[in-house]
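The values are calculated or read from the model by the stated rules, or taken from the named source; none is laboratory data. What you see is a predicted model, and the numbers here were worked out from it, not measured in a lab. Backbone-built Cβ (ideal geometry, glycine too); neighbour counts: all protein chains shown. Side chains are part of the model used for accessible areas, which takes the heavy atoms of the whole protein and leaves out ligands, DNA and RNA. Shrake-Rupley method; radii C 1.70, N 1.55, O 1.52, S 1.80 Å.
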Amino acid sequence: MCYSGYSVVKISQTKKYLNNIDWKSYRDDIYNLEKQYEKNHRNYCDGREFNITIDLAAKLFVVQHIASALKGTRHDVKSYIYLKQSIFLAESLVINYEDKIKEALKDFDLNQLCDLDYSFLIEKKAA
């Protein structure tokens, strides 16, 4: 199964599970961080046209960080100043609620989710 922007949206709709694990909306926290990172990135790119929206790019990274953490990716505290905070939040979310997250994503291939290519999705196609 090949994942597209549509699939990222469908996967991100599992937020009802990720936001209702306990009293805090963890998925929204990761999404809001990623949305701000993407806005900052696009401001830096000054005028470049993108093939996907900021919203979809943020959802892509939420999905990738959680899928990567489910596959066992872990960063140490030393890396905190070099990596996005959203990565640590996703890893912590998976460490604390792995079974519930696996259940929410059981219909998706984690390897393919991790392999989604941001640079390919954002490229404007020549007309």
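Values for this structure:
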read-out	value
Top-ranked residue in region 68-127 [being within 26 Å of Ile54 (Cα to Cα), free of Cβ contacts under 8 Å to residues at least 24 places away in the same chain and small (Gly, Ala, Ser); ranked as least open to solvent (accessible area, probe 1.4 Å)]	Ser79
Flag for Tyr37 being at pLDDT 95 or above and either open to solvent by less than 80 Å² (accessible area, probe 1.4 Å) or more than 25 Å from Ile21 (Cβ to Cβ) (or both)	yes
Boolean, Tyr26 is modelled with pLDDT under 95 and out of contact with any Gly (no Cβ under 6 Å at 6 or more places or on another chain)	yes
Region 34-65: number of residues that are in a helix (DSSP H, G or I), in contact (Cβ under 8 Å) with a residue 40 or more places away in the chain and of a type outside the set (S, T, N, Q)	9
